[in-house]
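The next block holds one structure in the form of structure tokens; read it before the comments.
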Amino acid sequence: MTVFSLAWRYVWSRPLSAVLNVLLLGLGLASITFLLLVASQLERAFQRDLAGIDVVVGAKGSPMQLILSGVLHLDVAPGNVPLAAVNALKNNPLVAEVIPISLGDNFQGYRIVGTSLAYPQLYGATLADGRMWDAPMQVVLGATVARKLELRAGHSFTGSHGLGAGGHMHAENPYTVIGVLAPSGSVLDRLILTDTASIWNVHEDHDEDHGDGHEGADHTTAQPHQDREVTMALVRYTTPLAAMRFPRWINTTTAMQAAAPALEVTRLLHMLGLGTDVLRAFAAMLLLTAGLSVFIALWNAVRERRADLALLRMLGAPPAKMAALLLTEALWLGLLASALGLLLGQLFMLALAYLLGLENSLMLGGVAWPAELLVVPALALGVSLLAALLPALGAYRSNVLELLQAR
Amino acid sequence: MIKTSTLQFAYPGVAPIYFPDVDVPQGATLLLRGLSGSGKSTWLALLAALVPPRSGSLTVAGKDLTTFSRVQADAWRARNLGFLPQTLHLSAALTVAQNLGLAFWAAGIPHDPARIDAVLTALGVAELANRLPAQLSGGQAQRVALARAVLMQPQLVLADEPTASLDDDAAHEALQLLHSTAQRYGATLVIATHDARVADFFEGASGAVEGGVHTLQLPRLPNAGGRA
């Protein structure tokens, strides 16, 4: 018999109290696990989607909107910019690469993105099927899109106007699927990629046929060829020092704005952080309550088992051993609660990922065990051992004379 | 075996208790008699090396308990003292065998299931090894508690009011068992009691007690009613 097996038996000699304590502590820890997972997943997702993009140049407006629309593909774009202005960026010695992005249409809720072949290369994307486009109106599907819509190379479809399902159909300009990307876990998985020219094709024909030019801020509108527009440009610098000069240059000397994704994402995470503070406070309260509950349970255990403890002294157990017994009981509660908390937290996370997956939003999900999760068992053991300190002291001081005098 | 000389104990702020001297040989039975509040518990605590005396000497098997450190006292108690409390205090969360195993754990001695089995067999309760205390009759529980007391083959077995809540037949049976078990393991038996039946039993059995039956009669304290 070891102190561990003995403490285990004593813990389960009061099963209701043990379950209550493990549950309380476990729920607090689950909230913390969940928060840690969301934070780490979001950060990972953002990092992946930023993929070395140093700055985004687009129409003036909210810089965060520019990032959300053009990099994370969550929001609509603030407007369009002239193709000529974007092409001019290539002449800037600070610029290593310019990738145009044209938004405006979707198929069944999945965005059709007009761009260059450099865009999938930016994410190191590989083909699972077919080949990359070499002409307008050919599309390459992200892995999620292909799976959800059950499309393969050779299929064709027509896009609809806007960035959500159910807009005007561009029936006269069907797209042909020519390739499918392998899953990359990045934003590419839920995009439909095509050549920038496809977007112009669809909307120029559209305008010629109907003449009802609907100019939306989120739309690459039809223009005479020399006035062609794109929605924005993703830019990589030649040198990190460009971050000091290039955005200011764009913002002051052109009609466009420059937004740094890293900066905006940090701002976004900070804003989300304010929301998670409430959850964090809630988790802290749960932990506090759980700690109190563990304390009360162990305190009662010491009172109930006063005679047992005194008898152990009579059997030769040193006081430190009695204290160790109590602390080990707390240790078991903490360990069980850690396991429960981590499990529940991961389940919450999977549920969230499932829901977000359905809404085709940010890529979250998969079971991840970031190192930050070590905080959870540390907290559990900290709280339970702290709660056990006074009861352990009580056990340490158990008075054998009381046992002898119990008449 | 047990030898005391001018033993004194004092609780803080209370007049000291003076204990009569005793000198009991190995294997004998010592009846510790006295009214409630005469200091029986205190004398037992002194004999168990749980508290140090104010003055005087107390030797058990040649060892002077008054010189022990707390650590030495715990170690000595684990190996040399068996204790049968008045209320048996079997741990309700543990089976009979585990309750005995607790003694090994408390003493810091490697667990020895064979010894547990042997002692339970000697006391005729081997088949109860996997029961919980709540599933035992009063007599069975007493045998288990006695098994725990003699598990380490101690030189000394202390029994605190072993007959207090028993009727005459049960008391006789309990004393018979206590006596024969102590004899079997060669332990010196110390019984704290104010029950006249205990003295009667051992007067009748004195011929069979190696080392004889001795009595330590504690006088009534002048301040009886205070702490005992």
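No value in this document is a laboratory result; all are computed from the given coordinates. None of the values given here were measured: they were computed from a predicted structure. Using ideal geometry, Cβ is built from the backbone for each residue, glycine included, and neighbour counts are taken over all protein chains shown.
Using just its DSSP H runs of length 4 or more, each adding -39500 (n - 2.57), the protein assembly as shown gives a mean residue ellipticity at 222 nm of -15500 deg cm²/dmol after division by all residues.
Each of B:ILE109 and B:GLU127 was given a label point 7 Å from its Cα along the Cα-to-Cβ line. The distance between the two points is 2.9 nm.
The mean count of C-beta atoms from other chains within 10 Å of the C-beta of residues in B:64-74, rounded to a whole number, is 1. Between segment B:25-72 and segment A:71-141, how many Å separate their Cα centres? The distance from the Cα centre of segment B:25-72 to that of segment A:71-141 comes to 92 Å. Taking θ as phi - 60° and the Karplus parameters 6.51, -1.76 and 1.60, the scalar couplings of segment A:136-153 work out to x, 6, 9, 10, 10, 9, x, 4, 5, 4, 4, 5, 6, 8, 6, 10, 10, 4 Hz in sequence order, x denoting glycine and proline.
Net charge in the neighbourhood of B:GLY34 (other residues with Cβ under 9 Å of its Cβ; Lys, Arg +1, Asp, Glu -1) is +3.
Mind checking which lysines have their Cα closer than 30 Å to the Cα of B:LYS63? Skip sequence neighbours fewer than 8 apart in that chain. Partners found: A:LYS321, B:LYS3, B:LYS40. Extending 7 Å from the Cα toward the beta-carbon at both B:ASP167 and B:GLN8 defines two label points whose distance is 4.9 nm. Excluding same-chain neighbours fewer than eight residues apart, the aspartates and glutamates reachable from A:LYS60 by a Cα-Cα span under 17 Å are A:ASP75, A:GLU215, A:ASP218, A:GLU229, A:GLU264.
Mean Kyte-Doolittle hydropathy of -1.0 or higher plus an axial Cα length of 24 Å or more: which whole DSSP H helices in chain A meet both?
Counting only whole DSSP H runs, the qualifying helices are A:15-50, A:261-304, A:319-358, A:375-396.
For the peptides B:63-69, B:46-52, the ranking by packing is B:46-52, B:63-69, with the highest mean count of neighbouring Cβ atoms within 10 Å listed first.
What do you get for trypsin sites (Lys or Arg not before Pro) in segment B:1-62 restricted to DSSP loop and a cutoff of at most 14 other Cβ within 10 Å of the site's Cβ?
Values: sites: B:LYS3, B:ARG33, B:LYS40, B:ARG54; in loops: B:ARG54.
Hits after loop and neighbour filter: B:ARG54.
The mean count of C-beta atoms from other chains within 10 Å of the C-beta of residues in A:131-142, rounded to a whole number, is 0.
With a 10 Å cut-off around each Cβ of A:314-326, the average count of Cβ atoms from other chains is 6. In this rough spin-label picture, where each label sits 7 Å from Cα along the Cβ direction, the A:LEU390-B:SER55 distance is 4.2 nm. Amide H contacts for A:TYR175 (H built 1.01 Å from N in the peptide plane; partners 5 or more residues away or on another chain; cut-off under 5 Å): A:PHE157, A:THR158, A:GLY159. If you model segment B:70-147 as an ellipsoid using its alpha carbon gyration tensor, with each semi-axis the square root of five times an eigenvalue, the axes come out at 21, 14, 11 Å, biggest first. For segment B:6-128, report the % of Cα-Cα distances exceeding 22 Å. Distances greater than 22 Å cover 48 percent of the Cα pairs. For chain A, the alpha-carbon coordinates run over 105, 46, 33 Å along the three principal axes, in decreasing order. Dividing the radius of gyration of the alpha carbons in segment B:88-206 by their Kirkwood radius gives 0.96 for Rg/Rh.
Hey, how many Å between the Cα centroid of segment A:246-318 and the Cα centroid of segment B:98-134? With segment A:246-318 and segment B:98-134 each reduced to a Cα centre, they are spaced 46 Å.
Computed over the Cα atoms, what is the radius of gyration of chain B divided by 2.2 N^0.38 Å, N being its residue count? If you can, show how the numbers build up before the last one.
Numbers: Rg = 17.4 Å, N = 228, 2.2 N^0.38 = 17.3 Å.
Chain B yields a ratio of 1.00.
Which of rounded, prolate, oblate describes segment A:55-259, given a ≥ b ≥ c as roots of the alpha-carbon gyration tensor eigenvalues and a/c under 1.5 marking rounded, otherwise prolate only if a/b is larger than b/c? Oblate, since a/c reaches 1.5 and b/c is not below a/b.
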